1. Does residue 97 satisfy the criteria of being at pLDDT 85 or above, within 15 Å of the chain's Cα centre (by Cα) and closer than 14 Å to residue 22 by Cβ?
2. Identify all residues within the stretch 128-169 that are touching a helix residue (DSSP H, G or I) at 6+ places or on another chain (Cβ under 9 Å) and either aromatic (Phe, Trp, Tyr) or without any contact (Cβ under 8 Å) to a residue 12 or more places away in the chain (or both); write none if there are none.
3. Within the stretch 84-94, can you find the residues that are small (Gly, Ala, Ser) and either assigned to a strand (DSSP E or B) or under 19 Å from the mean Cα position of the chain (by Cα) (or both)?
4. Examine the stretch 107-123 for a residue that is of a type outside the set (Gly, Ala, Ser), loosely packed, with under 10 Cβ neighbours inside 10 Å and either at pLDDT 90 or above or part of a loop (DSSP other than H, G, I, E, B) (or both), and state whether such a residue exists.
5. Is there any pair linking a residue in the stretch 31-56 that is open to solvent by 70 Å² or more (accessible area, probe 1.4 Å) to one that is modelled with pLDDT under 70 and assigned to a helix (DSSP H, G or I), with Cβ under 7 Å and at least six apart or on different chains, and which?
6. Pick from the stretch 124-143 the residues that are open to solvent by 60 Å² or more (accessible area, probe 1.4 Å) and under 23 Å from residue 75 (Cβ atoms): which of them is modelled with the lowest pLDDT?
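The values are calculated or read from the model by the stated rules, or taken from the named source; none is laboratory data. Predicted, not measured: the structure shown is a model, and the values here were computed from it. Please note: Cβ atoms are built from the backbone with ideal geometry, for glycine as well, and neighbour counts cover all protein chains shown. Side chains are part of the model used for accessible areas, which takes the heavy atoms of the whole protein and leaves out ligands, DNA and RNA. Shrake-Rupley method; radii C 1.70, N 1.55, O 1.52, S 1.80 Å.
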Amino acid sequence: MEGRRPNDLNWSEQVTGRETSVVLTPSRMSAIPLLVFASLWDSFFVMLWTGLTRAHAPERAFLFPIAHAVVGVVVTWLALVRCLNISRITLNSGELVVSHSPIPTRGARLATASIDHFEVYDAPGKRRQARSVRAVGSDGTGVSLGLTLDGLDEVAFVAARLNGALATARAKPGTHV
């Protein structure tokens, strides 16, 4: 059952024959805490680097600021991905393609014949409950689609819509699903 589209989910779907194209823009509101944290972290880095290089010889104040800078780059990249990226999903009788832009991040490309269904799954290794959508193959293995979604209602909606698109892609030409 597909249910109603969640209010915070910007979902644009177009079906042409047996091909479904989707543009998904996740909620930008959930990116605000990450953006604030990234800006604080990066500004602290500038102050820390300046202070350490003035207090010590530059060769002695090297490792900690570099490690701090690497973390700052990763956090800033995550914040920008969360705030700016749009996901594009194309599912047809031949393949599923999931791409994200304008900030590069991992997508997915799978043969439609290898997909059994789409499901909600709990991402492993996360402290807080992180759910996403994955494509499950006929052998039972799952492949994450790399979608940034907030709530269970959004994840369930996307999985249901993709299952509907998969049924459309597998339908015989000329039949209505």
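1. yes
2. 129, 139
3. The one that is small (Gly, Ala, Ser) and either assigned to a strand (DSSP E or B) or under 19 Å from the mean Cα position of the chain (by Cα) (or both): 87.
4. Among the residues of the stretch 107-123, not one is of a type outside the set (Gly, Ala, Ser), loosely packed, with under 10 Cβ neighbours inside 10 Å and either at pLDDT 90 or above or part of a loop (DSSP other than H, G, I, E, B) (or both), which makes the answer no.
5. From the stretch 31-56, the pairs are 49/65.
6. 127
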